[in-house]
Amino acid sequence: RKEVEQDPGPFNVPEGATVAFNCTYSNSASQSFFWYRQDCRKEPKLLMSVYSSGNEDGRFTAQLNRASQYISLLIRDSKLSDSATYLCVVTDNAGKSTFGDGTTLTVKP
Amino acid sequence: DAGITQSPRHKVTETGTPVTLRCHQTENHRYMYWYRQDPGHGLRLIHYSYGVKDTDKGEVSDGYSVSRSKTEDFLLTLESATSSQTSVYFCAISQDPSLNTEAFFGQGTRLTVV
């Protein structure tokens with residue numbers, strides 16, 4: 001079993017749709033959690049950190065459930081520019097960061 | 001943009017030759033990472049470093065070694081390149097990932113082993 005598992009996707013949605021991505025992790029010692037975005041053939045860039053209380057940044061909402069070892073990302077009112085691969089990242093207490101395989105989102109007009 | 005550069009950006013090498021990829025940072029971040037990314041896979045951790053001369057293995061470390069003699073440089077060496085090591089390699093830096101600090105990535109090195 002992989003340490004970090006994500007919905008395989010791909011997700012194809014119309015503009016304006018709401019889409020949710022899920023991620024589970026196996027290491028209960030995990031301390032920090034992130035969502036990164038990666039555009040085709042580019043380096044990943046931080047979308048948002050994920051906090052235990054949940055956090056929101058504009059149209060993006062991230063949730064963390066430590067008991068279930070589950071992370072989610074919700075995108076509301078999808079834009080064409082949201083098309084990308086979304087990567088779930090989990091870091092343990094030694095600083096080792098593990099990525100999920102990513103979920104590809106395509107937003108269509 | 002964070003000061004992180006990878007070199008070379010592209011390389012073609014022959015099977016059995018040694019290859020060294022360099023990651024250089026100007027941010028004085030403590031942690032540095034090497035990942036590889038292949039189609040159908042996310043980024044897989046090869047090795048990482050949590051300080052000068054302090055390194056540890058990731059999930060796909062076989063066939064790779066690393067060195068960090070200075071804070072700013074993290075070298076990844078393929079001792080004897082194989083075709084299975086054809087991939088895109090990303091370096092990343094982070095101040096303290098356990099405190100939710102962001103990791104910054106280099107632009108990647110596309111390595112082809114023929």
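General remarks:
- Search result, residues across region A:62-109 that are more than 14 Å from every other protein chain (Cβ to nearest Cβ), under 14 Å from the mean Cα position of the chain (by Cα), more than 16 Å from A:Leu47 (Cβ to Cβ) and of a type in the set (S, T, N, Q): A:Asn65, A:Gln69
- Filtering region A:56-107 to residues that are of a type in the set (A, V, I, L, M, F, W, C) and touching a Lys or Arg at 6+ places or on another chain (Cβ under 7 Å) leaves A:Ile75, A:Ala84, A:Val107.
Okay, residues lined up against (1) more than 30 Å from B:Gly51 (Cβ to Cβ); (2) in contact (Cβ under 8 Å) with a residue 24 or more places away in the chain:
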| site | (1), (2) |
| --- | --- |
| A:Gln6 | yes, yes |
| A:Ala17 | yes, yes |
| A:Cys23 | no, yes |
| A:Glu56 | yes, no |
| A:Thr61 | yes, no |
| A:Leu73 | yes, yes |
| A:Val90 | no, yes |
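- Qualifying residues in region B:3-31 (those that are more than 10 Å from chain A (Cβ to nearest Cβ) and modelled with pLDDT under 95) - the one surrounded by the most Cβ atoms within 10 Å (Cβ to Cβ): B:His29
- B:Lys53 satisfies every condition listed in (1) within 12 Å of chain A (Cβ to nearest Cβ); (2) without any contact (Cβ under 8 Å) to a residue 60 or more places away in the chain except (1).
The values are calculated or read from the model by the stated rules, or taken from the named source; none is laboratory data. This one's a predicted model, so the numbers in the text were calculated from it and none came from an experiment. Using ideal geometry, Cβ is built from the backbone for each residue, glycine included, and neighbour counts are taken over all protein chains shown.
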